[in-house]
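**Student:** Got a structure here, written out as structure tokens. Questions coming.
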Amino acid sequence: MSIIDAIKARSSNGIMTDTAVSLAHIKQLLDAAVCTPVHHNAKPWRFLVIQGAGRQTLSDIMVQHLDKRISDPKEPRNIALRQKLSQKAFRSPVIIAVAAAKPDGEKILMIENVASAVAACQNILLAAPELGLSAFWRTGSFMYAPDTVSALGFEGGAELVGLIYLGYPKREMRPKPRETSDPYVRWLE
């Protein structure tokens, strides 16, 4: 499959089995992830592979973040919200937290590190199907909280850019129709 076809075929498939993903497959994806453009060769990519009991830790971090934002945790709506949120870390057997390291040096800008880490997420999403895996990318307000970054053990100043949920698909996704770029393009000639 050509790279253009692979990009156009990519879709998020969140319905996964509980089958463990091999260390070799995870390593292949992470090796592909770091093949991104990066200014000043900063190597800003930071990854945390979460699996097994580590998913409960992630679940706890998500719920703790929610608890800081709600006024009455005993309200039925909030109880349901907490319950739903507590299950999100168990949607797949592996979750890769992707972060951008704080710039090291005056010439390096954080936005460039973030851009490279975001490209690393896309590389994982594009490479996963070749290994028979499904992957989807999630963000959320808790990701951007400094206490989340430190709770996950990333160094100070790092910024999370996504959680990549990874596993074997329970069902194949039908190809989606893709729009053209036309509505989003201007030409300066």
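Laboratory data are not the source of any read-out in this text; all were calculated from the coordinates shown. None of these values were measured; they are calculated from a predicted model. Heads up, the Cβs are rebuilt from the backbone with ideal geometry, glycines too, and the neighbour counts pull from every protein chain shown.
**Student:** Dipole size in debye (nearest 20) for the chain around its Cα centre, Lys and Arg Cβ +1, Asp and Glu Cβ -1? Provide the component values of the computation, followed by the final result.
**Tutor:** On the way: 23 positive and 18 negative charges, 133 e Å.
Approximately 640 debye in magnitude.
**Student:** Over all directions, what mean area does the Cα convex hull of the range 2-120 project, stated in square nanometres? Before the final figure, lay out each step's value.
**Tutor:** Numbers: hull surface 41.9 nm².
Mean projected area for the range 2-120: 10.5 nm², to one decimal.
**Student:** R0 = 45 Å: FRET efficiency of D104 with A6, Cβ-based, nearest 0.05?
**Tutor:** Details: r = 33 Å, r/R0 = 0.74.
FRET efficiency, D104 to A6: 0.85.
**Student:** Relative to the Cα centre, what is the charge dipole magnitude of the range 1-111, using +1 at the beta carbon of each Lys and Arg, -1 at the beta carbon of each Asp and Glu, and rounding to the nearest 20 debye? Can you show the working numbers first?
**Tutor:** Details: 16 positive and 9 negative charges, 42 e Å.
Roughly 200 debye, rounded to the nearest 20.
**Student:** Quick check: pseudo-label points 7 Å beyond the Cα along Cα→Cβ at S22 and S150, how many nm apart are they?
**Tutor:** Computed distance between label sites S22 and S150 equals 4.0 nm.
**Student:** Express the relative contact order of the range 1-158 as a whole percentage, based on alpha carbon pairs under 8 Å and six or more residues apart in sequence. Let's see the in-between values first.
**Tutor:** On the way: 182 pairs, mean separation 58.0, N = 158.
The value is 37 percent.
**Student:** Given the -39500 (n - 2.57) contribution per DSSP H run of 4+ residues, what per-residue ellipticity at 222 nm results for the chain, rounded to the nearest 500 deg cm²/dmol?
**Tutor:** Numbers: 6 runs with 70 residues, N = 189.
That comes out to -11500 deg cm²/dmol.
**Student:** Please compute P(r) over all alpha-carbon pairs of the range 50-171, binned at 10 Å starting from zero, and give each bin as a whole-number percent.
**Tutor:** 13, 38, 33, 14, 2, 0
**Student:** R0 = 25 Å: FRET efficiency of I15 with L188, Cβ-based, nearest 0.05?
**Tutor:** Details: r = 43 Å, r/R0 = 1.74.
It comes out at approximately 0.05.
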